[in-house]
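Before any comments, here is the structure.
The values are calculated or read from the model by the stated rules, or taken from the named source; none is laboratory data. As the structure is a computational prediction, the values presented were derived from the model and not from experiment. Cβ coordinates were reconstructed from backbone atoms using ideal geometry, including for glycine residues, and neighbour counts include every protein chain displayed. These area figures cover heavy atoms from the full protein model, side chains too; ligands, DNA and RNA do not enter into them. Shrake-Rupley method; radii C 1.70, N 1.55, O 1.52, S 1.80 Å.
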Amino acid sequence: MSFNHAAVSKGLMMGYALTSIAASVLDVKHYLHLQLVPHLSKHHQYWRLFVHHLAISNSSELLLTEILLYNVALPVERMFGSTKFASFAFVSILTSTILEFGALIAFNRSGLNVIPSGPFALVFSIIYQYYRLVPHAYSFKIFGVTLTDKAFTYFLGLQLAISQTPGSFAASLIGLIAGQLYRSDILGLKAFRLPRYLQRLSSRLLLPLIGSTKPPRRSNRAFPPDDTSASTSTTSPPSGTSSAREENTEVITTAPASAARRSQENDRAAAAGAGDQSRTRSGGSSSANAQTSVVREWVDEFTGRAERAASGLRVPSDNEINQLMSMFPDLRREVIVGALQRRYVRVESCFRCYANSREICELSAVS
């Protein structure tokens, strides 16, 4: 799965990784968490309400967040579109910030005083959209309990939610509530879109930093093997060798060809076809005969016919053998083949004797 049509998700993953590493290197992680007492109540550090969404406090939570964003945010963004998904992320962060501040005030006496830094609310708001929009691919049973392929994603989300309880669990629950509010459209949040000027500014400044989101092409190309012997030889190749090698090194692909490439291939084939027809007519019969002779030699060597032919024995045809086997069904095939070979040897010896005697007669007549 690539980042095709998911530029915002890729930007979120890259941004959280960079900010988390920078916060760790610069040793500013103690400024990122959200704490009611004393940061908000006494010191009035209300900027923490927005800053605590920007970075993640430890490496394990960073790993879980990146895996969840990759598996959850990409399909949701492809369904929403990049503009709507970016607007949804902004609305989710704003809604969850208000809910987190209210939860800290309401449940402070119950032990909820700190919410750890990290995009807990945003991730679980996206998980809620993933739960409602993306169907499961398959289901399976473990000890009689039916589960789907999405259960692995939910298990990772549960690990992230209980990483720093009770603050992480509260932030995760608030993220689910924010996602439900956006999905139900009770407050009319679905109609919100980021301003046009902000979209154009992000396309000009941020999109080049993210890089390409096009999917990588599959490795479906096949190149002809390089002629290493030709490169190691000391003799210079003829003038037509380089052009022929360039034609042979053309990329062969199973992907559908474009119109321009198809037209070029048709022109090249038409130009080469006129020259190939004459060569094909002259060399077609010779190549076919050569191929047939090679196959025949291999069969003769495999069956032992070549040795018998070299020793002067005639190899009977299948028709002769089948005809005699039908006439004498009690005889074995080896006996019939031997009889035919002996018959051919006798006839051949008689013919040779006749030829030799005739030559002797002619020589005596001349003398």
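Within region 107-123, identify whether any single residue is assigned by the TED database to the domain that holds residue 179, open to solvent by 20 Å² or more (accessible area, probe 1.4 Å), of a type in the set (Gly, Ala, Ser) and in contact (Cβ under 8 Å) with a residue 24 or more places away in the chain, and answer yes or no. Looking for residues that are assigned by the TED database to the domain that holds residue 179, open to solvent by 20 Å² or more (accessible area, probe 1.4 Å), of a type in the set (Gly, Ala, Ser) and in contact (Cβ under 8 Å) with a residue 24 or more places away in the chain, one finds at least one in region 107-123, hence yes. Just one residue in the set 50, 107 is of a type outside the set (A, V, I, L, M) and under 22 Å from residue 20 (Cβ atoms); that residue is 50.
Residue count for region 7-39 satisfying the condition of being surrounded by fewer than 15 Cβ atoms within 10 Å (Cβ to Cβ) and of a type in the set (Val, Ile, Thr): 4.
Residue selection: residue 83 fails the criterion of being among the polar types (S, T, N, Q) and either farther than 22 Å from residue 181 by Cα or buried (at least 17 other Cβ atoms within 10 Å of the Cβ) (or both).
Highlighted here are the helices (runs of 4 or more DSSP H) found entirely within region 45-97 that include at least 3 residues which are touching a residue at least 60 places away in the same chain (Cβ under 8 Å) and closer than 14 Å to residue 160 by Cβ: 59-68. Answer with yes or no whether residue 193 is in the same structural domain as residue 122 (by the TED database), outside any loop (DSSP other than H, G, I, E, B), charged (D, E, K, R) and modelled with pLDDT of 85 or more. Judged against the criteria, residue 193 is not a match. Among the residues making up region 132-156, a single one is over 16 Å from residue 67 (Cα atoms), of a type in the set (Phe, Trp, Tyr) and either outside any loop (DSSP other than H, G, I, E, B) or open to solvent by less than 60 Å² (accessible area, probe 1.4 Å) (or both): 140. Confirm whether residue 213 is assigned to a loop (DSSP other than H, G, I, E, B) and open to solvent by 80 Å² or more (accessible area, probe 1.4 Å). Answer is no for this residue.
For region 15-33, the criterion of a residue being touching a strand residue (DSSP E or B) at 6+ places or on another chain (Cβ under 9 Å), of a type in the set (S, T, N, Q) and in contact (Cβ under 8 Å) with a residue 24 or more places away in the chain is satisfied by no position.
One line per residue, one yes/no per condition, for (1) touching a His at 6+ places or on another chain (Cβ under 6 Å); (2) modelled with pLDDT of 95 or more; (3) not assigned by the TED database to the domain that holds residue 131:
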residue: 174; (1), (2), (3): no, yes, no
residue: 179; (1), (2), (3): no, yes, no
residue: 186; (1), (2), (3): no, no, no
residue: 197; (1), (2), (3): no, no, no
residue: 223; (1), (2), (3): no, no, yes
residue: 226; (1), (2), (3): no, no, yes
residue: 235; (1), (2), (3): no, no, yes
